[in-house]
Amino acid sequence: MATGFGIIGCGMIAGFHARALADIRGAKLVGCYDAVPAAAERVAAEQGCRPYTKLKEMLDDQQIDVVTICTPSGAHMEPGVAAAEAGKHVIVEKPLEITLRRCDRIIAACRKNKVVLSTIFPSRFHQSSVELKKAIEQKRFGKLTMGDAYVKWFRTQEYYDSGAWRGTWQLDGGGALMNQAIHSVDLLTWLMGPVVEIRAQTATLAHRRIDVEDTAVATLRFKSGALGVIEATTAAWPGYLKRIEIHGSSGSAVLEEEDLKVWDFARKRAGDAAILKRMAASRSTGGGASDPSAIGHHAHALQFRDVLRAIRSGKKPAIDGAEGRRSVEIILGIYKAAESGKAISLPLSTDPVLAARRKKRR
């Protein structure tokens with residue numbers, strides 16, 4: 001019997017979720033909900049599922065076992081908690097939420113109601129990312145010394161003007177970091193381990209009528225002692241593929257989107273050349289560098305399959321609520337460091353209250 005899914009929020013990303021589900025044997029999209037009836041009806045017509053304009057009615061549907069939440073970032077908590085209380089398993093598009101308190105509310109509701117919670121970070125499921133993680137676990141890099149993430153993308157002013165929630169602290173939760181670079185923040189810390197100290201600067205340089213940053217630079221100290229850099233922008237025309245660089249005393253690797261560009265170790269192995277050749281041309285899309293719709297759905301499908309395995313086995317998914325919360329905490333730490341001009345230690349003792357969030361939209 002197929003596992004029934006429902007999509008909450010029928011904006012652009014809902015289509016990627018629907019296409020990913022269509023690729024999974026044993027999964028069926030049953031319904032979709034949006035507060036705007038026309039949006040729900042459009043997705044339902046495209047995907048052949050049932051439209052809902054009242055969330056409770058969809059959550060009462062016994063054919064739906066899992067919901068995927070595709071609402072704006074700062075509107076994840078309410079449907080996430082409601083779904084958990086209705087006994088539905090919950091998959092949340094990145095970020096899990098935009099404050100630690102709101103992340104914790106979702107995590108607590110899912111734990112209390114014994115449902116699976118997963119945060120969408122499909123980059124972890126790319127085979128090149130898996131190979132990189134395996135090499136780190138095998139100590140092939142020796143002593144890790146640097147871990148860097150570069151997200152130099154471009155978004156037009158029209159992109160921010162296309163939705164009243166875009167570029168706001170209240171619903172976007174941040175700019176180039178929280179909305180675009182969070183995938184790389186998650187991937188970098190999955191590879192390098194916990195961040196313990198942050199220094200940062202942020203700015204809004206190329207866009208109007210937004211409250212949040214379009215450019216950010218942060219330096220990191222990892223628990224291992226390694227140092228790192230995060231550079232994120234939506235103001236680098238025409239937009240370039242995101243990069244992750246990992247360096248150590250015995251090896252270096254560079255990942256550009258899904259493509260492995262560098263795979264270099266002091267101690268070579270027989271399979272290294274084959275890995276580099278196979279992973280050097282694995283990218284199939286523009287990665288969202290200049291067009292937010294230019295992403296693939298194949299890694300979403302891999303993550304949905306992982307969630308289904310977790311549901312059926314009773315085990316945790318690869319990326320649970322705590323994993324989703326981690327990247328939010330790092331980004332909030334970057335914002336706090338930029339605002340204060342001081343080094344910030346992680347974990348954060350409380351949710352930072354940022355003065356920028358109290359400003360009215362310009």
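The values are calculated or read from the model by the stated rules, or taken from the named source; none is laboratory data. Treat the numbers as computed from the prediction; the structure is a model and nothing was measured. Don't worry about glycine lacking a Cβ; one is built from the backbone with ideal geometry, like all the others, and counts go over all protein chains shown.
Quick notes on this one:
- Counting only strands (runs of 3 or more DSSP E) that sit completely within the range 200-275, those holding 1 or more residues that are acidic (Asp, Glu), under 20 Å from residue 337 (Cα atoms) and under 20 Å from the mean Cα position of the chain (by Cα) correspond to 227-233.
- Strands (runs of 3 or more DSSP E) contained in the range 1-56 and holding at least 3 residues modelled with pLDDT under 95 and crowded, with 17+ Cβ neighbours inside 10 Å: none
- Qualifying residues in the range 57-75 (those that are small (Gly, Ala, Ser) and farther than 13 Å from residue 34 by Cα) - the one surrounded by the fewest Cβ atoms within 10 Å (Cβ to Cβ): 74
- In the range 317-341, the residue that is surrounded by the most Cβ atoms within 10 Å (Cβ to Cβ) out of those that are in contact (Cβ under 8 Å) with a residue 24 or more places away in the chain and assigned to a loop (DSSP other than H, G, I, E, B) is 319.
- Any hit, the range 98-111, residues being of a type in the set (Gly, Ala, Ser), closer than 19 Å to residue 307 by Cα, surrounded by fewer than 19 Cβ atoms within 10 Å (Cβ to Cβ) and out of contact with any strand residue (DSSP E or B) (no Cβ under 7 Å at 6 or more places or on another chain): yes
- Residues that are among the β-branched types (Val, Ile, Thr) and crowded, with 24+ Cβ neighbours inside 10 Å within the range 80-97 comprise 90, 91, 92, listed in sequence order.
- Subset of the range 115-139 (residues that are outside any helix (DSSP H, G or I) and surrounded by fewer than 20 Cβ atoms within 10 Å (Cβ to Cβ)): 138, 139
- A single member of 12, 77 is farther than 18 Å from residue 311 by Cα and either charged (D, E, K, R) or in contact with a Lys or Arg (Cβ under 8 Å, 6 or more places away or on another chain) (or both), and it is 77.
- Selection within the range 273-297: residues that are crowded, with 16+ Cβ neighbours inside 10 Å and at pLDDT 90 or above. The member of this set that is farthest from residue 24 (Cα to Cα) is 276.
- The residues of the range 93-106 that are in contact (Cβ under 8 Å) with a residue 60 or more places away in the chain, closer than 24 Å to residue 11 by Cα and more than 11 Å from the chain's Cα centre (by Cα), listed by number, are 98, 99, 103, 106.
- Annotation: of all residues in the range 254-272 being out of contact with any strand residue (DSSP E or B) (no Cβ under 9 Å at 6 or more places or on another chain) and exposed (fewer than 15 other Cβ atoms within 10 Å of the Cβ), the one that is farthest from residue 244 (Cα to Cα) is 270.
- Qualifying residue in the range 26-43 (condition: under 20 Å from the mean Cα position of the chain (by Cα) and in contact (Cβ under 8 Å) with a residue 40 or more places away in the chain): no
- Residue within the range 261-270 that is modelled with pLDDT under 95, under 27 Å from residue 93 (Cα atoms) and in the same structural domain as residue 337 (by TED's automatic domain parsing) present: no
- Qualifying residue in the range 243-258 (condition: in contact (Cβ under 8 Å) with a residue 24 or more places away in the chain and among the β-branched types (Val, Ile, Thr)): yes
- From the options 200, 236, residue that is touching a residue at least 60 places away in the same chain (Cβ under 8 Å), closer than 30 Å to residue 297 by Cβ, among the small types (Gly, Ala, Ser) and crowded, with 17+ Cβ neighbours inside 10 Å: 236
- Conditions (1) more than 19 Å from the chain's Cα centre (by Cα); (2) closer than 23 Å to residue 12 by Cα: number failed by residue 119: (1)
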